[in-house]
Structure formats: C-alpha cells, structure tokens
1. If we count other beta carbons within 10 Å of each Cβ, what is the order of 206, 70, 63, fewest first?
2. When the Cα centres of the range 118-166 and the range 58-116 are compared, how far apart do they sit, in Å?
3. Compute the FRET efficiency between residue 66 and residue 169 as 1/(1 + (r/R0)^6), taking r as their Cβ-Cβ distance and R0 = 41 Å, and round to the nearest 0.05.
4. Starting from 0.36 nm per residue, how many nanometres of slack lie between residue 187 and residue 27 once their C-alpha separation is accounted for?
5. Given 0.36 nm per residue, what is the gain on full extension from residue 126 to residue 201 after removing their alpha carbon distance, in nm?
6. Could you put 77, 54, 84 in order, starting from the residue whose Cβ has the fewest other Cβ atoms within 10 Å?
C-alpha cells in the first residue's frame, strides 16, 4: 500500500509540473501577405528569444526530404541547426541531390533508395536543393538556431505556440522573398496572458521555372 501511495504522488507531481509548463507557455498568431496583398503559403515564421537559447531547447529529431514523382517533398523545410536529414528516393529512377549554398554544401551522387548516411545541417542559413539530372527539381531549407518556428497554411496563417514568456524577435522568411524589409521582423514581449496577432508583408522576387518532363516517363529522364 505504501508503494502505491508513493507512485500516486509521483504521477501527481508530474501532472502538476506539466500543467505549470502549459500555463506558462506563450504564443503568437501571424499572417503573411505579399506586395499584392495575397496570402503567402509556406512562409516560415521564426521566434528568437532575446535572452538566448539553452541546450534543453534543442529539438534535433531525424527529418526527411523525400523524392517522389521527380519532385522534392516537402518543397519547403525548416530545421534547427544540428538536425540530421535523410533523402530517400522513392522513384524508379536515380537522382543526384546537391546544394551549393553557403550554409550547407553537399552532394549525394546518383542513387536509388535511402543513402546510408544522413546529411547534417549544422549551420544556420538558407539552403537551396537541386537534382543534377532534373533541373526543375528544387527544394528550400531554412536552418535556424531557434526551435520556435512554423510554416503558414494556405491562408497565410500560423499559430506559433509553446514559447516560454519573454522578449522575442519574430520574423518571416520565404524562399521567393526579396530582400527583407522593416515589415518582415518585429520585437514582441510575450506573456502567457495574451497572444499577439502579427501581420507581415513580404515582396516576392521573380522566379525562373525550368521545363518539367512528363510524369509518365518514370523509367527514363
């Protein structure tokens, strides 16, 4: 009976601690629009604490960027620096994945299946991915130092939850974004009692779209 009572006390203490953490968490609601006032899908909203980050705020689970029907999936990814990423190829043809970006330069020569070694994105910055065989295949990765980020939905909206209260720089990034403006970052002081609603405006840059081969030619180019 004594052992059972001790177990109940431990469970109660864990639940109480979880409740305190939930109550103390802050959040941000944001919407992202472009220069034509259109909602921007798959923009990344990032919150960086002014007080800095602790090692306990690292979320470095293995991530995946797939290749299906001669396309990268997802097209837009965001990871915390230090994250390992696998690049499985589920097509019936080989791909040659590469990046020449300053934040991460690598190549995975022609292959099928899943490479034996994942790629570690160990430096914050923007990374553009391509395939050396299929010019239209592109994907975009934002590597951040903070674990507090989320992508906007089809309505350009995002709910960034679970932030410890405090001062943050909240900013937006999109792979088609021109040079960042004053409207793409803001400083906020977050508390558990209010959820600020932020609106960001970005300007899209012109993008060249290469010709895409027909999807039926799975056995060749």
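1. With the fewest neighbours first, 206, 70, 63 line up as 206, 63, 70.
2. Distance between centres, Cα-based: 13 Å.
3. 0.80
4. Roughly 56.2 nm would be gained on extension.
5. 25.1 nm
6. Listed from fewest to most nearby Cβ atoms, that is 54, 84, 77.
Quick note: the coordinates plus some simple rules give every number you see, no bench work behind them. All figures in this text were calculated on a predicted structure; none of them were measured in a lab. Counting neighbours? That spans all protein chains shown, and the Cβs are built from the backbone with ideal geometry, glycine included.
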